[in-house]
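Quick note: the coordinates plus some simple rules give every number you see, no bench work behind them. The model shown is predicted, which means the values in this text are computed figures rather than measured ones. Counting neighbours? That spans all protein chains shown, and the Cβs are built from the backbone with ideal geometry, glycine included.
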Amino acid sequence: MTSDTNLVPHNRAGAAQVKEGVRWIVVSLTFTPRSELADYEWDYQLKNWNRPDLDRDILKELRQRSTWNGIWRVWLFLVLLGGSAVATLYVSQYSLWLALPLLYLYYFFYGFWVAIAHELQHKTVFTRSLDGFSEILFFMVQIFIWNSPRYARISHRLHHRYTMVRGVDPETDWPEVITTQWLRNYLWGFILRILVVGVVVALYRDVMIQVNRIAGKKDRMMRDYCSDHDVARIRKESTAILFFHVAVVAAAIWFRRWEPIVFITLAWHIGSAMEMLWHQTEHIGRLYNVKDQRLSTRSVYVGPFVKLIYWGLDDHVDHHLFPAVPSRNLPKLHKILGDGLPEPKGMIACWREMFAIAREKDREPVNEFVPMAM
């Protein structure tokens, strides 16, 4: 293995190259040729994951759901979202410029709908007696974030069963080699959406996704893993999603009010771009086709406030190892697993790490970043 401390340029195999005069603040990156990772290759026959040992009774306790915990966290999120919307509308009566920061605060919160949706699709927010209510809430949230509930659930089930397995995991279907150019363009797409410039393209893409699903057109996941019943359900749900947003736009035009479009139909495309700055650190730059999710998944360190609305997505390695553990118990699980996990880094540090890995891939595509000693 080769170690690249602070990414100082040199000629050793595995070193990440940087432009002259630029210092990338990464404490330590270790690369190794893929050929030396044979013990960790994904077994297409066994399809088993390596996981840390955890006492069965402890795991049973950690898997306990809490309806009251779920209710107050959903309520808190709605208060934050609604409060920022009301504040924006109130201030906009006096100054649109002063209202703009409040509007972006609303968009910031709106992007974190995906965190609630994520745990709802795992059915760990409320106790089993409220599974019906959980499904209704999940459907409503999916309408806000422009995705069919059935499609999302099948996709995420595959993502957990085959995390970062090339050609199977639909949620990490990125280029085989993550280059600096691809990663730069990927990040730039989020920035353009935050600046509104890229919203039209994002909106058009989501509209066409719904139109294609309504028409019965299947992507790779739908062809390979969705039954006829699943496809029919996805078509109905996509129809509901498109009808809802068309109705919002039509109402805005009819009543000559901009608020419905700004606060509902466009909100996801701006807000999700902010949330994705954390969310997209989860797997980019990690190893494809390995049987240990500690190598294919990344946790991200967040402050107390973001942690409150991120619903456990920050402890992402822990979540992948034991997906039935509700987000409220992931900090406890993290303490139990302790040194057996890669060290989480802050969001900016994660992106720096991802770019460092991409630079190494530019130089030597067969080299892999190993996030922890195994």
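Points worth noting:
- Within straight-line cross-link reach of Lys218, lysines at Cα separation under 24 Å, skipping those fewer than 8 residues along the same chain: Lys236
- Cα centroid separation, the range 90-149 to the range 297-374 (Å): 24
- Estimated FRET transfer efficiency (Ile261, Leu54; beta-carbon r; R0 56 Å; 0.05): 0.70
- Simple spin-label estimate for Phe243 and Glu343 in nanometres, 7 Å along Cα-Cβ: 5.4
- Taking every alpha-carbon pair under 8 Å whose residues sit at least 6 apart, the range 20-175 reaches a relative contact order of 16 percent.
- Ranked by how many other beta carbons lie within 10 Å on average, peptides 312-322, 363-373, 130-140 from highest: 312-322, 363-373, 130-140
- Computed E for Trp72/Asp362 - FRET, C-beta separation, R0 51 angstrom, nearest 0.05: 0.60
- Summary value for the chain: 26 percent relative contact order, contacts being C-alpha pairs under 8 angstrom separated by 6+ residues.
- Sites Tyr104 and Lys47, calculated FRET efficiency, Cβ-Cβ separation with R0 35 Å, nearest 0.05: 0.20
- Cross-link partners of Lys361 among aspartates and glutamates (Cα-Cα below 20 Å; sequence separation of 8 or more within a chain): Asp4, Glu20, Glu36, Glu41, Asp173, Glu176, Glu282, Glu353
- Going from the fewest other Cβ atoms within 10 Å to the most, the residues Tyr310, Tyr44 appear in the order Tyr44, Tyr310.
- For the chain, the residue among Leu330, Ile241, Val302 whose Cα projects farthest onto the positive side of the dipole built from Cβ charges is Ile241.
- Modelled this way, with points 7 Å down the Cα-to-C-beta line, the labels at Lys332 and Ala232 are 4.3 nm from one another.
- For the chain, hydrophobic long helices are taken as DSSP H runs at least 27 Å long by C-alpha position along their axis with mean Kyte-Doolittle hydropathy of 0.5 or more; these are 67-92, 228-255.
- Rounded to the nearest 20 debye, dipole of the range 66-369 from Cβ charges on Lys, Arg, Asp, Glu: 440
- Greater than 19 Å apart at Cα, pairs in Lys123/Lys345; Lys291/Lys335; Lys60/Lys123: Lys123/Lys345; Lys291/Lys335
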